[in-house]
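The values are calculated or read from the model by the stated rules, or taken from the named source; none is laboratory data. Since we're looking at a predicted model, the values are computed, not measured. Glycine also receives a Cβ, built like all others from the backbone with ideal geometry; neighbour counts cover every protein chain displayed. Just the protein is used for accessible areas: all its heavy atoms, side chains included, with ligands, DNA and RNA removed. Shrake-Rupley method; radii C 1.70, N 1.55, O 1.52, S 1.80 Å.
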Amino acid sequence: GGDASRFSLGLSGGSLVELLARELPPALSATPAADPARWLVAFCDERLVPLEHPESNGGAYRVS
């Protein structure tokens, strides 16, 4: 069993960045119990590039 008070999520890039940037804020507003401060988010990226690099998945989320 896992810890019910924590939510873990691995994110890739591509079209998922735009989808989450558009859909996640309204979903969180509609669900007050979904506290992002209790989330563990990992960015999955096979490219070893800095966040500032145009191909960085983590960087894409930072600017969205």
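What are the trypsin sites (Lys or Arg not before Pro) within the chain that DSSP puts in a loop, where the Cβ has at most 15 other Cβ atoms within 10 Å? All intermediate terms of the calculation are to be shown ahead of the outcome.
Details: sites: ARG6, ARG22, ARG38, ARG47, ARG62; in loops: ARG6, ARG47.
Sparse-neighbourhood loop trypsin sites (Lys or Arg not before Pro): ARG6, ARG47.
If I model a spin label as a point 7 Å beyond the Cα along the Cα-Cβ vector, how far apart are those points for GLU23 and SER64 in nm?
The answer from the label model is 1.1 nm.
Convex hull over the alpha-carbon atoms of the chain: what's its volume per residue in Å³? Could you put the intermediate results ahead of the total?
On the way: hull volume 6.7 nm³, N = 64.
Cα convex hull per residue, to the nearest whole number: 104 Å³.
Roughly to the nearest percent, how much of the accessible area of the chain is carbon and sulfur, given a 1.4 Å probe? Each step should come with its number before you reach the end.
Working: 2850 of 4840 Å².
Carbon with sulfur: 59 percent of the solvent-accessible area.
How large is the accessible surface per residue of the chain, computed with a 1.4 Å probe and reported in Å² as a whole number? Could you put the intermediate results ahead of the total?
Details: 4840 Å² over 64 residues.
So the chain comes to 76 Å² accessible per residue, rounded to a whole number.
Kindly provide the GluC sites (Glu not before Pro) of the chain that DSSP labels as loop, not H, G, I, E or B, and whose Cβ sees at most 14 other Cβ atoms within 10 Å. Intermediate values should be presented prior to the final figure.
On the way: sites: GLU18, GLU23, GLU46, GLU52, GLU55; in loops: GLU46, GLU52, GLU55.
For GluC sites (Glu not before Pro) across the chain that sit outside H, G, I, E and B with at most 14 neighbouring Cβ atoms in 10 Å, the list reads GLU46, GLU52, GLU55.
Would you please give the residues with an amide H less than 5 Å from that of LEU11, counting only those at least 5 places away or on a separate chain, with H modeled from the backbone geometry?
ALA42, PHE43, CYS44
Using a simple spin-label model with points 7 Å from Cα along the Cα→Cβ vector, what separation in nm is obtained for GLU52 and SER12?
So the two model labels end up 2.9 nm from each other.
To the nearest 10 square angstrom, what accessible area does ASP35 show with a 1.4 Å probe?
Probe radius 1.4 Å; accessible area of ASP35 about 60 Å².
Report the charge-dipole magnitude of the chain in Debye, nearest 20, computed about the Cα centre from +1 at each Lys and Arg Cβ and -1 at each Asp and Glu Cβ.
On the way: 5 positive and 8 negative charges, 33 e Å.
Computed charge dipole of the chain: roughly 160 debye.
Okay, helix-only estimate at 222 nm for the chain: each DSSP H run of n ≥ 4 adds -39500 (n - 2.57), divide by all residues, round to 500 deg cm²/dmol; what do you get?
Working: 2 runs with 23 residues, N = 64.
After summing the helix terms and dividing by the residues of the chain, the value is -11000 deg cm²/dmol.
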